[in-house]
Amino acid sequence: MIPLLERFWSKVDKRGPDECWPWLGSKKRHAPYGELRVGRANVLAHRLSWEIANGRRVPASLLVMHSCDNPQCVNPAHLSIGTASDNMRDREKKGRVKRPRGE
């Protein structure tokens, strides 16, 4: 078996330190996020990248957010953890709020 870190980094297009590092492996069904099979579970690639870089698990109640707004990016410099409320505030601040449709 190939060690997890080797498997993970073999699926990353690692570029400059400030650039996005696109995930080249499989994508989550019906979503643009990368994922990797770890044991019996599929793990989101950006979440795993944050954990590798920071040497600890992301608490289940928190999200890993992208400062670059690129869901395929796994560059740890572009990732931070926060609550769902933090993520919504970030989305609003960046003008990515979807407007309701209809009347």
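Computed values, structure above
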| quantity | calculated |
| --- | --- |
| Identity of the residue in the range 20-68, open to solvent by 30 Å² or more (accessible area, probe 1.4 Å) and among the hydroxyl-bearing types (Ser, Thr, Tyr), that ends up nearest to PHE8 (Cα to Cα) | SER26 |
| Long-range neighbours under 7 Å by Cβ, at least six apart or interchain, first residue assigned to a strand (DSSP E or B) within the range 55-75, second open to solvent by 40 Å² or more (accessible area, probe 1.4 Å) and among the small types (Gly, Ala, Ser) | LEU63/ALA84; MET65/SER80 |
| Pairs where the first residue, in the range 1-29, is part of a loop (DSSP other than H, G, I, E, B) and of a type in the set (Asp, Glu) and the second is open to solvent by 70 Å² or more (accessible area, probe 1.4 Å) and at pLDDT 95 or above, C-beta under 8 Å, 6+ apart | ASP13/LEU24; ASP18/ALA77 |
| Qualifying residue in the range 33-51 (condition: more than 22 Å from GLU6 (Cβ to Cβ) and either among the charged types (D, E, K, R) or part of a strand (DSSP E or B) (or both)) | no |
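The values are calculated or read from the model by the stated rules, or taken from the named source; none is laboratory data. Being a predicted model, the structure only gives us computed values, none of them experimental. With ideal geometry, Cβ positions are generated from the backbone for all residues, glycine too; neighbour counts draw on all protein chains shown. Heavy atoms of the whole protein, side chains included, go into the accessibility calculation; ligands, DNA and RNA do not. Shrake-Rupley method; radii C 1.70, N 1.55, O 1.52, S 1.80 Å.
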